[in-house]
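Chemist: Before anything else, here's the structure in question.
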Amino acid sequence: MQARTGSCKLFGLFKWCSEPSELPSPIFLIRLVGGRMKLGLIVLMALLLSTGEMLAQSDRAAITGTITDVSGAVIAGAWLIATNVNNNLQSATATNAVGAYTLLNLPIGQYTLTCSKDGFAKYQRSGINLAISQRAEVDIVLRIIATTQAAVVMADAPLLQTQTSSISTNLNNAAITELPLNVQGGRNLSAFMFAYVPGVEGGGANAASMDFDSHINGSLSSTKEVMIDGTSAVSQIGGYLSESSPPMEAVQEFQVTSAGVRADDGRTGGGVFRYEMNSGTNAWHGSGFYYMHNEAFDARSWGNKYNAGLCLSDANGDPAQTASCQRALGKPEDRLYDYGASIGGPIKRNKLFFYSAFERYTFANDGIGALSSTVPTMAFLKGAFSALLNKSVVLGTDRAGQTVYQGSIIDPETGDIFPGNIIPPDRISAVSQKIVNLYKQYYQPLSPSLTNNNALPFSSPATWYESDQFSVKLDYNASPSHRLDGSFIYAYTPRLLSNQGGIWSAGSQDGGPMANAYDHNTTAPSARVRDSWTVSSTLLNVFSVTFNRFHNPSIARSQEGNWSTALGLGDFGAGNFPVIRFQGVNSDQHRYVDGLPIDETSLGSQFNDAYAANTFIFDDTLSWVCGRHTYKFGAEFRVQQFNSHGDHGAPTFIFDPAQTAGSFGAEAGFGFASFLLGDVNQASVSEPNNTYGRRKSVSLFAQDNIKVTQRFTLNVDLRWDFNGRYH
């Protein structure tokens, strides 16, 4: 067969050939000035790359191979058509002078491949299932027509990955939903990868912390790339997707690339997570599911029954204490619901398709954990601190000549001990008395001990949690050479967190007014649009625009009470219950009884902050089949924004034993006694430390898949990333 020649043209600095042939590779000329690439050259290259059609983005698949006759001679000019079984969309190309072909930019799914050439029998192969970023090799032997036209039909057969050195694990949605999956915490895309894909690890108790501390084959944490439909889904910390992912039902296929990462795999230092969203087809498809758990189906635990009896006996009929025992040790609310649905189909057959999905997960548990916090006893709330006295240790005498024992409370006005170690009611601060009343109403001790008599929630960090995920994807076949697709994802995750210590009102969902509980309601919208333009059967350009946002506020639940004003402290600009600490300025200054430190646990919450991260991504990829080469060139431009608003107007008051110790040092005084007197050691008000960060980055890559022989393909990759200054 006679080899065809081709003509080459220069466009700016980019050289390309109009006919695929054995011609030199494209050449980029990069001029460095003073060690830096000129911005104008970067922009010029981006503009050059935005014209023409390329090999699909990294998520799209391809079919490649060689056409020969029965003698082994290559066949040029054979016509190949790949037809998507689900929507009848077709991609076509012809073999070049060396009998090679590549069908580019194929969305994942099932295909039928046909091959025809005058004088040869038509070939057809069905059941070709393409996975994310797969380059399937299908070599074809055409037979010369004898007397009648004949078609060769081949059924489904496994396709080996022989065209790339990447090591990936692929799973489709059907396999994922059929595997055992714990819905506790919601069905999370990243958590699934950590649980089932070899070499992928995540640290922490929940999906969010797993994402922060995830590793692929031992790589550094927060270095992986996460891609949805071929573009990055990351809006803030590298590799973090847990609170901004689409519903599970919206994802058609999952892939982890753990080794042999290619140049078009994004900005990664430790592997790639890829998710390909479902597309609508000419047939209507949908799904629905419902999981639930409710305490009505639970038996009351033996431990709760036993401890409730002890708690009620210690209450001695006190109504407030009895109610506290019943709230804490009855059958707690423990509810979990996870439900959702999806639907997709044609808006216009063979032309416009959609697929939409929704999922909601809710969880509530007001049970308590171990006794780990300390609240004052009823005696302490009345100002009676005789339990602190240790009369076996004498510290001296006061001004009135009274014996001062270890644990004595000294009147800061007179320097003398309070008789009986009891603060008179008329000496208790009006502000402190309001807080004492809240203790009596919400925070009765759950055990008679002076320490470790209060419990935080059993389900820390969240006593109440919800996750709402919605997505919709559109695919539009504008013409045989022009295809558009795009998606919108919205994730809303409201929850009440209680993992920062403090005290808790047993049986409540928010811990009462003095708990360190805060609403953490994140929102994460994202949108991506992609244009695929087939310039010719050997030239493809894909241009996409992506926007990812993550908004993360932390607002104290107590802010609704406007507590600083309600307590008579004044207006500090935030309604949080003020942070009150009793342990003293020096953390090692404790009061001990029977060898145990008696430190009342801190009150209030400082949370009143928020941050938002926005990422805009513009990328273009050009693919070109030329002889034995399949070239791919790409450019990406990212604009990243980070806006942080710090805590504002939350006051902090510190009470130290020193105020009620007089001149007797660390063996006397008590922080809670100083609090009752209103004798503050230190006070402060937080001021916001707002930060507005900006960064721009540029990435360029080039790669070449060289089919050296029918059994040997060489992958050559080059990538350059430039991060602008963070300012």
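Rule-based calculations on the coordinates, nothing more; no lab input. Just so it is clear, the structure is predicted and the values come from calculations on it, not from any experiment. Glycine gets a Cβ as well: all are built from the backbone with ideal geometry, and neighbour counts include every protein chain shown.
Chemist: Out of residues 5 or more away from Asp139 or on other chains, whose amide H comes under 5 Å of its own, with H placed 1.01 Å from N in the peptide plane?
Modeler: Amide H to amide H, under 5 Å and 5 or more residues apart or across chains, Asp139 pairs with Thr66.
Chemist: Now for a different question. Between beta-carbons, use under 10 Å as the cut-off and find the net charge around Asp229, counting Lys and Arg +1, Asp and Glu -1.
Modeler: Once all neighbours under 10 Å are counted, the net charge is +2.
Chemist: So how far apart, in nm, are the two label points at Ser116 and Ile81 if each is 7 Å from Cα heading toward Cβ?
Modeler: 0.6
Chemist: Which listed residue (Leu567, Ala506, Thr523) has the Cα farthest towards the positive end of the charge dipole for the stretch 451-584, taking +1 on Lys and Arg C-beta and -1 on Asp and Glu C-beta about the Cα centre?
Modeler: Comparing the listed Cα positions along the dipole, Thr523 ranks first.
Chemist: Ordered by residue, what ³J(HN,Hα) values in Hz, to whole numbers, does the stretch 472-481 give under the Karplus form 6.51 cos²θ - 1.76 cosθ + 1.60, where θ = phi - 60° and Gly and Pro are x?
Modeler: My calculation for the stretch 472-481 gives 8, 10, 10, 10, 10, 8, 5, 7, x, 10 Hz in order.
Chemist: I'd like the FRET efficiency for Thr709 and Val529, computed as 1/(1 + (r/R0)^6) with the beta carbon distance as r and R0 of 56 Å, rounded to 0.05.
Modeler: 0.90
Chemist: What shape does the stretch 520-675 take by its C-alpha gyration tensor, where a ≥ b ≥ c are the square roots of the eigenvalues and a/c under 1.5 counts as rounded, a/b above b/c as prolate, and the rest as oblate?
Modeler: Prolate shape, in that a/c is at least 1.5 and a/b is the bigger ratio.
Chemist: Now a separate question. Can you sort Thr652, Thr522 by how many other beta carbons sit within 10 Å, fewest first?
Modeler: Neighbour counts put them in this order, fewest first: Thr652, Thr522.
Chemist: Here's a follow-up. In nm, what is the difference between 0.36 nm times the number of residues separating Phe618 and Gln90 and their Cα-Cα distance?
Modeler: That pair, Phe618 and Gln90, stretches by 187.4 nm at full extension.
Chemist: Taking the simple approach of a point 7 Å from Cα along Cα-to-Cβ for both Gln433 and Gln641, what is their distance in nm?
Modeler: 5.2
Chemist: For the stretch 380-385, take each phi angle, set θ = phi - 60°, evaluate the Karplus expression 6.51 cos²θ - 1.76 cosθ + 1.60, and give the result in whole Hz per residue in order, putting x for glycine and proline.
Modeler: Computed from phi, the couplings for the stretch 380-385 are 4, 4, 8, x, 9, 10 Hz.
Chemist: To the nearest 0.05, how large is the calculated FRET efficiency for Asn316 and Ala666 if R₀ is 35 Å and r is the Cβ-Cβ distance?
Modeler: It comes out at approximately 0.50.
Chemist: Taking 0.36 nm per residue of sequence separation and subtracting the Cα-Cα distance, how much length would be gained by fully extending the chain between Glu687 and Gln184, in nm to one decimal?
Modeler: Taking 0.36 nm per residue and subtracting the Cα distance, the gain is 177.3 nm.
Chemist: Excluding residues fewer than 8 places away in the same chain, name every one of the aspartates and glutamates whose C-alpha is closer than 12 Å to that of Lys331.
Modeler: Qualifying aspartates and glutamates at Cα under 12 Å: Glu295, Asp298, Asp366.
Chemist: When the Cα centres of the stretch 440-491 and the stretch 377-418 are compared, how far apart do they sit, in Å?
Modeler: Here the two parts' Cα centres lie 50 Å apart.
Chemist: Let me ask another. Given H placed on each backbone N at 1.01 Å, which residues far from Asn278 in sequence or on other chains put an amide H within less than 5 Å of it?
Modeler: The list, which skips near neighbours in sequence, is Val251, Gln252.
Chemist: Return the distance in nm (one decimal) between the two label points of a simple spin-label model at Leu718 and Ser447, each offset 7 Å from Cα along Cα→Cβ.
Modeler: 6.9
Chemist: Name the long-range amide H neighbours of Trp504: under 5 Å, sequence gap of 5 or more, or other chain; modelled H, no Pro or chain starts.
Modeler: It is Ala455, by chain and number.
Chemist: What lysines does Lys696 reach when the alpha-carbon gap must be under 26 Å and sequence neighbours fewer than 8 apart in one chain are set aside?
Modeler: Lys38, Lys224, Lys632
Chemist: Using the crude model of +1 on Lys and Arg Cβ and -1 on Asp and Glu Cβ, and no other charge, please compute the dipole size for the stretch 615-719 relative to its Cα centre, in debye to 20.
Modeler: It works out to roughly 1180 debye.
Chemist: Using θ = phi - 60° and the Karplus curve 6.51 cos²θ - 1.76 cosθ + 1.60, what whole-Hz ³J(HN,Hα) does each residue of the stretch 134-141 get, with Gly and Pro shown as x?
Modeler: 6, 10, 7, 9, 10, 7, 10, 10
Chemist: Kindly rank 412-423, 549-560 from highest to lowest mean number of other beta carbons found within 10 Å of each residue.
Modeler: Ranked from most to least packed, the peptides come out as 549-560, 412-423.
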